[in-house]
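Engineer: Sharing a structure below in C-alpha cells format, with a few things to ask.
The values are calculated or read from the model by the stated rules, or taken from the named source; none is laboratory data. Keep in mind that this is a model prediction, so the values were computed, not measured. Backbone-built Cβ (ideal geometry, glycine too); neighbour counts: all protein chains shown.
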Amino acid sequence: MARYKIGLGVTGGIAAYKAVEVMRQLQKAGCEVRVAMTRHATEFVRPLTFRALTDSHVIVDDYDPENPDPIAHINFSQGIDLLLIVPATANIIAKFASGVADDFLTSTYLASMAPVLIAPAMNTTMWEQPATQRNIAQLRSDGVKFVEPVVGELACKTVGTGKLEDVENIVRQALDLLSARGTTSTDLAGERFLITVGGTREAIDPVRFISNHSSGKMGFAMAEAAAARGADVTVVAGVTSVEPPNSVKVIRAVSAADMHKAVMDELPNATVFVGAAAVADYAPANAADAKIKKDGRDTLTLELKKTPDILGEVASKRHGRLIVVGFAAETNDVVEFARSKLEKKKLDIVVANDVSKPGAGFNADTNIVSILTASDTEDFPVMPKRVVADRVCDAIKRFRGELK
Ligand code: PMT
C-alpha cells in the first residue's frame, strides 16, 4: 500500500523534463504519483512518458473524450495527500494566486484540500518581476509552500535566480511536508514494538567514556512511525541528543550492559524487535573506580572486552511470531555486509545505511537505506528519517503478512 498519494502538476517550462525524475524518486520512496499537465507542458514532455511510468491516464484536459473520469478535477484533487507543482511557471503561479480555473490543473488547485508545494523555474527577470513576487507572497499567505529556485545558468544562457532546485531537494521537501502531517493508517495495531535507540556509553572511569555519534533520530523516528500506525511501542534508549516522541514508553539505559538487561526484561512482551541503537561492540574490561591520573604517563592502554550482542541474542531466543529487524551501519560494500548480518544472525529484516555518505547515518535528519529480507533488496533515495521509518514499517507489515 502506498503511504502517500501525490498529485504532480507539470507546467510548461524547459525544466519539465526534470519532473520525470521527481516522479521516479517519489515512487521509489513508496509514493503513488498521479500526473496532471498543462497544455504547454506537453510541448516539452509527452504525457505518454508519465503514463508509461505511472500506469495511469495523465490528465491535460478533463473534457478530452479519452479522459476516463468525467469529474476528474474533483476526484483527482480529493484523493491526494499533496499537490506538487514541478516546474511552476510564472503563469501558473499567477493563476493560482488569483483563483483562475481555466484548465484541469488550475481547477484541481481550487478543488483540493491537500497541502501545495510549488517548485518554480523561470527566467530571472520573470522571477524578480513585482507581479510574480506579489503572486508568490499571496500564495504564501494562503498557506502554499515553495521550493525556492536557485541561482544558476538558465536555458536563456543568462546566470541568475530562477533555476529549478535539485530534484533530490524537491523530493526531500515534499516528503518532509508529508511526514510532518503524519498518517492516519493504523495497520500496525496489535503489534508491540521494542526498539533500541541512540548510542551507548562505556565507562573508562567515573568521568570518561567510549561512545559514538548516534543522536537517536533514526530510532525515535521508528518509534514515532510505529506508534502513529497503531502499534504499542517501548523504546530502550541509550544516550540521545533529541527528545523521544510523546506516544511511546521510554526506558533509559546508558551502557550496552544496561541496554541488554532492559531489552531482555521487555522482550517476552514484544512482537517486533528493532535494533536501531549504535551499541558499543567493546567496553573497557575494568572501568576504574576513581579518575585515572595522567601524571607520569605518556600512553594509556585500555583493555576492552566484547559487549553482549543484543540483536544476536534476541534473534537466537526468538519466541513465537517475533519479527527481528536489525540495522547495519556500514561504510563500504553496504548491501553485501548487511546481507551477511541477516544470514549469520538469522534476522528477518536488515536496514542497511552507508554512514559515510552525506545525508545518511549518524545525527543526520535524513538517511539513505536499503531494506533487505532473505528474498529481496529495496534501495531508497535520500529521505527524512521519519519517511525511512515508514518504509521499514511497510517491510515489517509485509513480512507479517508472509508469516501468516
Ligand atoms: O541515531 P542516529 O544519529 O539517527 O543514527 C542512526 C544510526 C546510524 C545509529 C542507525 O541508522 C544505525 O545504523 N543503527 C545501527 C548502528 C550499529 O551499531 O550498526 P552495527 O552494524 O554495528 O550493528 C548491527 C546491529 O547489531 C544493529 O542493529 C545494532 O543495534 C546491533 N547491535 C550491535 C552491537 C551489540 N553489542 N548489540 C547489538 O544489538
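Engineer: Considering every residue within the range 22-44, establish whether at least one is in a loop (DSSP other than H, G, I, E, B) and touching a strand residue (DSSP E or B) at 6+ places or on another chain (Cβ under 6 Å).
Structural biologist: Yes: the range 22-44 contains one or more residues that are in a loop (DSSP other than H, G, I, E, B) and touching a strand residue (DSSP E or B) at 6+ places or on another chain (Cβ under 6 Å).
Engineer: Across the range 373-395, which residue is surrounded by the fewest Cβ atoms within 10 Å (Cβ to Cβ) among those that are part of a strand (DSSP E or B) and out of contact with any Asp or Glu (no Cβ under 8 Å at 6 or more places or on another chain)?
Structural biologist: Residue satisfying both the conditions and the ranking: Asp376.
Engineer: Could you say whether any residue in the range 93-107 is within 28 Å of the chain's Cα centre (by Cα), buried (at least 22 other Cβ atoms within 10 Å of the Cβ), among the hydrophobic types (A, V, I, L, M, F, W, C) and under 21 Å from Asp176 (Cα atoms)?
Structural biologist: Scanning the range 93-107, I find no residue that is within 28 Å of the chain's Cα centre (by Cα), buried (at least 22 other Cβ atoms within 10 Å of the Cβ), among the hydrophobic types (A, V, I, L, M, F, W, C) and under 21 Å from Asp176 (Cα atoms), so the answer is no.
Engineer: Mind listing just one residue for me: the one in the range 247-264 that is farther than 19 Å from Ser215 by Cβ and among the small types (Gly, Ala, Ser) and, of those, farthest from the ligand (Cβ to nearest atom)?
Structural biologist: Ser247
Engineer: Looking at this structure, is Val351 within 25 Å of Val171 (Cα to Cα) and either surrounded by 15 or more Cβ atoms within 10 Å (Cβ to Cβ) or more than 8 Å from the ligand (Cβ to nearest atom) (or both)?
Structural biologist: yes
Engineer: Here's another thing I want to ask about it. Test each condition in (1) modelled with pLDDT of 95 or more; (2) touching a Gly at 6+ places or on another chain (Cβ under 7 Å) for Val382 and report the one that comes out false.
Structural biologist: All conditions pass for Val382, except number (1).
Engineer: For the range 296-310, give me the residue count where each residue is assigned to a loop (DSSP other than H, G, I, E, B) and within 16 Å of the ligand (Cβ to nearest atom).
Structural biologist: 3
Engineer: So is Lys293 loosely packed, with under 12 Cβ neighbours inside 10 Å and within 16 Å of the ligand (Cβ to nearest atom) or not?
Structural biologist: no
Engineer: Determine if the range 319-326 includes at least one residue that is within 26 Å of Glu224 (Cβ to Cβ), modelled with pLDDT of 95 or more, within 11 Å of the ligand (Cβ to nearest atom) and not aliphatic (A, V, I, L, M).
Structural biologist: yes
Engineer: Restricting the search to the range 265-281, which residues are in a strand (DSSP E or B) and more than 9 Å from the ligand (Cβ to nearest atom)?
Structural biologist: Val272, Phe273 - these are the residues of the range 265-281 that are in a strand (DSSP E or B) and more than 9 Å from the ligand (Cβ to nearest atom).
Engineer: Please count how many residues of the range 208-241 are of a type outside the set (Asp, Glu) and part of a strand (DSSP E or B).
Structural biologist: Total satisfying the criteria: 9.
Engineer: Based on what the data block shows, is Ser247 surrounded by fewer than 16 Cβ atoms within 10 Å (Cβ to Cβ) and polar (S, T, N, Q)?
Structural biologist: yes
Engineer: Which one of these is part of a helix (DSSP H, G or I), among the acidic types (Asp, Glu), within 12 Å of the ligand (Cβ to nearest atom) and modelled with pLDDT of 95 or more: Glu313, Glu336?
Structural biologist: Just one listed residue meets the conditions, Glu313.
Engineer: Under 8 Å between Cβ atoms, at least 6 apart or on separate chains: pull out the pairs that start in the range 226-246 with a residue that is over 28 Å from Glu202 (Cα atoms) and end on any residue that is surrounded by fewer than 24 Cβ atoms within 10 Å (Cβ to Cβ) and of a type in the set (Ser, Thr, Tyr).
Structural biologist: Ala227/Ser247; Ala228/Thr183; Ala228/Ser247; Arg229/Thr183; Arg229/Ser185; Arg229/Thr186; Gly230/Ser185; Gly230/Thr186
Engineer: On to the next question. So, in the range 110-130, of the ones that are in contact (Cβ under 8 Å) with a residue 40 or more places away in the chain and outside any strand (DSSP E or B), which residue ends up surrounded by the most Cβ atoms within 10 Å (Cβ to Cβ)?
Structural biologist: Met122
Engineer: Being touching a residue at least 40 places away in the same chain (Cβ under 8 Å) and touching a helix residue (DSSP H, G or I) at 6+ places or on another chain (Cβ under 8 Å): is that true of Ala29 here?
Structural biologist: So Ala29 fits the description; yes.
Engineer: Which is surrounded by fewer than 24 Cβ atoms within 10 Å (Cβ to Cβ) and assigned to a loop (DSSP other than H, G, I, E, B), of Ala189, Ala180, Ala203?
Structural biologist: Result of the check over Ala189, Ala180, Ala203: Ala189.
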